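Participant: Here it is, the structure, as structure tokens.
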Amino acid sequence: MLTATVAGVQVDTRHWIGGERVASAQTFTDVSPIDGQVLAEVARGGQAEANAAVAAAVAAFPAWARLSPAERGAILHRVADNVEAHIEELAQLETTDNGSLLRSHRRGVMPRVVMNLRFFADYAMERLQYPVFETRGHSNHVSWDPSGVAAIITPWNAPLMLATWRIGPALAAGDTVVLKPPEWAPLTASYFAELAHEAGLPAGVFNVLQGFGPEAGAALAGHPDIARICFTGSVPTAKKVAHAAAENLVPCSFELGGKSPTVILDDADLDLAVDLAVEQYDNAGQVCLAGTRLLVQRGIAEAFAARFAARAAEIRQGDPRDEATQIGPNIHLDHVARVEGFVMRAREQGARVVFGGARNTDLGTHYFHPTLIVDAEAGSEILTQEVFGPVLTMQIFDTDDEGLALANGTEFGLAACVVTGSRARAESFCKHLVAGTIWVNCFFVRDLAAPFGGSRKSGIGREGGIWSFDFYADVKNTVYSPNGWRE
Ligand code: NAD
């Protein structure tokens, strides 16, 4: 039996398949980024376990799909109730496992997990409608039918939030689910399975396949019996998933990386601009949406840079369980080395590190100082590739057109933040920005009804509101003739 007690919470780390715990011959070791402590041995699945999980989800599909949205919604609300009753345990578990702030897990992230379930359950019950429309006297009736088994593959930077943001709509749409959680933060998925089971989610409707990406993940993505793949992660992995999906012509939703700009125009409120720029270090830079490229208009560049440096120096880095901590560790030693590599190569290529640029060894091995890099060569790696650590760059531009060209000048298009005092300038800037989400004079305001996703290499498709249902469901049009009726 594989169980562990982590932060006082008991977790069974075997797979969850068909309503039962299933072991694997092999396991892997899960370590906390806070202090490198071993947390658990976790089941390491492969093809056989992927087959079993998909078979369980296929078997559970007909009964789940036949329930009405209200019946499924009632069960999802009971799951949400149970998650809500265990927010503290989930927050402790997630923080210990992935190193993100405990206070944000308690007050922001885990309540959002609850919302992910409730919002999509309610949406399916109340808002999933398209008006009937006429074609030459015939009427068109659009419906969203369950499509089958959804494979959901997620990363470690917000494990349970990103998983339930897909599990919610998939289950509400009548699909059954196999979740492959991240191997660097696998624990909340296992615990969530327990909570969902206790709340009455039928066996096989939701399954957890633990393991490594190239093993469990690849086996799941290439499985011929899945109907959808929702993948959140990096571009190189997405290409592998796309190849696997192509073999079976399975529709994919991809939420990938970014290199988003924070554009500060010269009429911006400077205090606001500094606040928003400092926010880009949140979660130690491990946020897909982070606006890590600060693009500042020349007129205010000097004043901004001075205030920003002063504010960044005040950021409290430390144990993410401490209420006063603002940024914690990075997830894994391999990842810290990757972040370090980016900074080292930037220096070698002539860029200048204004502050940070090294590990915060006072805190241990996993903590990287908030870093600012300037004078990087146009087109260089540090300005074009996702670092996914607390590393920002700053570039200065003169005209709005130059700012726009810089903002759009990568292969990504996930998000952008624009800071300006002028609505007209904001509107003209946003009109031409390539990004799935733009925040003007704000950051991270999210509504689950809004479309979410990336342009260019940042993703394929959109999720949120109706867009989630368009993906997870089979959208059907039934045409009724005015003729041929006996009653
Ligand atoms: P990753 O691509 O390494 O892994 C993501 C998931 O894919 C993990 O569960 C992993 O086990 C699995 N995987 C790995 N190889 C696989 C394979 N061959 N087949 C199937 N699955 C496989 O990404 P990561 O390092 O875990 O996460 C960081 C990345 O995620 C960043 O690029 C970040 O921007 C992105 N991200 C995007 C969003 C978004 O909404 N756009 C949100 C969060 C993170």
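Participant: Under 23 Å Cα-Cα from K239, which lysines qualify once same-chain neighbours fewer than 8 residues away are excluded?
Facilitator: Within the straight-line cut-off, K239 pairs with K180, K259, K457.
Participant: When the helix-only estimate is applied to the chain (DSSP H runs of n ≥ 4, each -39,500 (n - 2.57), divided by the residue count), what is the mean residue ellipticity at 222 nm, nearest 500 deg cm²/dmol? If you can, show how the numbers build up before the last one.
Facilitator: Numbers: 15 runs with 182 residues, N = 487.
Calculated mean residue ellipticity at 222 nm is -11500 deg cm²/dmol.
Participant: With charges only on Cβ, +1 for K and R and -1 for D and E, what is the dipole size of region 261-440 about its Cα centre, in debye, rounded to 20?
Facilitator: Working: 14 positive and 26 negative charges, 37 e Å.
Approximately 180 debye in magnitude.
Participant: Can you work out the FRET efficiency for the pair Q47 and A23, with r the C-beta to C-beta distance and R0 = 22 Å, to the nearest 0.05? Spell out each step's value before the answer.
Facilitator: On the way: r = 16 Å, r/R0 = 0.71.
After rounding to 0.05, the efficiency reads 0.90.
Participant: Right, here's the next one. If you take the square roots of the eigenvalues of the alpha-carbon gyration tensor of region 261-440 and sort them as a ≥ b ≥ c, do you get rounded (a/c under 1.5), prolate (a/b over b/c) or oblate? Walk me through the numbers on the way to the answer.
Facilitator: Values: a/c = 1.78, a/b = 1.52, b/c = 1.17.
Because a/c hits 1.5 or more and a/b exceeds b/c, region 261-440 counts as prolate.
Participant: Moving to a separate point now. Cα axis of helix 333-348 to longest principal axis of the chain: angle in degrees, 0 to 90, nearest 10?
Facilitator: Taking the Cα atoms of the chain, the angle to 333-348 is about 40 degrees.
Participant: Out of the DSSP beta bridges found with both residues in region 261-440, what percent are antiparallel (nearest 5)? Walk me through the numbers on the way to the answer.
Facilitator: Details: 4 of 25 bridges.
Just about 15 percent of them are antiparallel.
Participant: May I ask for the longest run of the chain untouched by trypsin sites (Lys or Arg not before Pro) that are loop-located per DSSP and have at most 15 neighbouring C-beta atoms (other than their own) within 10 Å?
Facilitator: Numbers: sites that count: R127, R136, R316, R446, R486.
Looking at the chain, 137-315 is the longest stretch - no exposed trypsin sites (Lys or Arg not before Pro) with at most 15 other Cβ atoms within 10 Å.
Participant: Also, I was wondering about something else. Quick one: helix 298-313 against the long Cα principal axis of the chain, what's the angle to the nearest 10°, folded into 0 to 90?
Facilitator: Between the helix axis and the principal axis of the chain, the angle is about 80 degrees.
Participant: Related question: Rounded if a/c is under 1.5, else prolate if a/b beats b/c, else oblate: with a ≥ b ≥ c from the C-alpha gyration tensor eigenvalues square-rooted, which is the chain?
Facilitator: Verdict is oblate for the chain.
Participant: Another question, then. PRE reach from W485 (point 7 Å along Cα→Cβ): which of region 112-154 fall under 17 Å by backbone N?
Facilitator: Answer for region 112-154: 132-142.
Participant: Okay, next question. On full extension of the chain, what length is gained from A309 through E198, given 0.36 nm per residue of separation minus the C-alpha to C-alpha distance? Write out the running numbers ahead of the final one.
Facilitator: On the way: separation 111, 0.36 × 111 = 39.96 nm, distance 4.95 nm.
Answer, rounded to one decimal: 35.0 nm.
Participant: While we're looking at this one, here's another question. If you put +1 on each Lys and Arg Cβ and -1 on each Asp and Glu Cβ, how big is the dipole of the chain around its Cα centre, in Debye rounded to 20?
Facilitator: Numbers: 39 positive and 56 negative charges, 156 e Å.
Result for the chain is approximately 740 debye, rounded to the nearest 20.
Participant: So what's the angle, to the nearest 10 degrees on a 0 to 90 scale, between helix 87-98 and the longest Cα principal axis of the chain?
Facilitator: The two axes meet at around 60 degrees.
Read-outs: derived from the displayed coordinates by stated rules, not from any lab. Keep in mind that this is a model prediction, so the values were computed, not measured. All Cβ positions, even for glycine, are placed from backbone atoms using ideal geometry, and neighbour counts span all protein chains on display.
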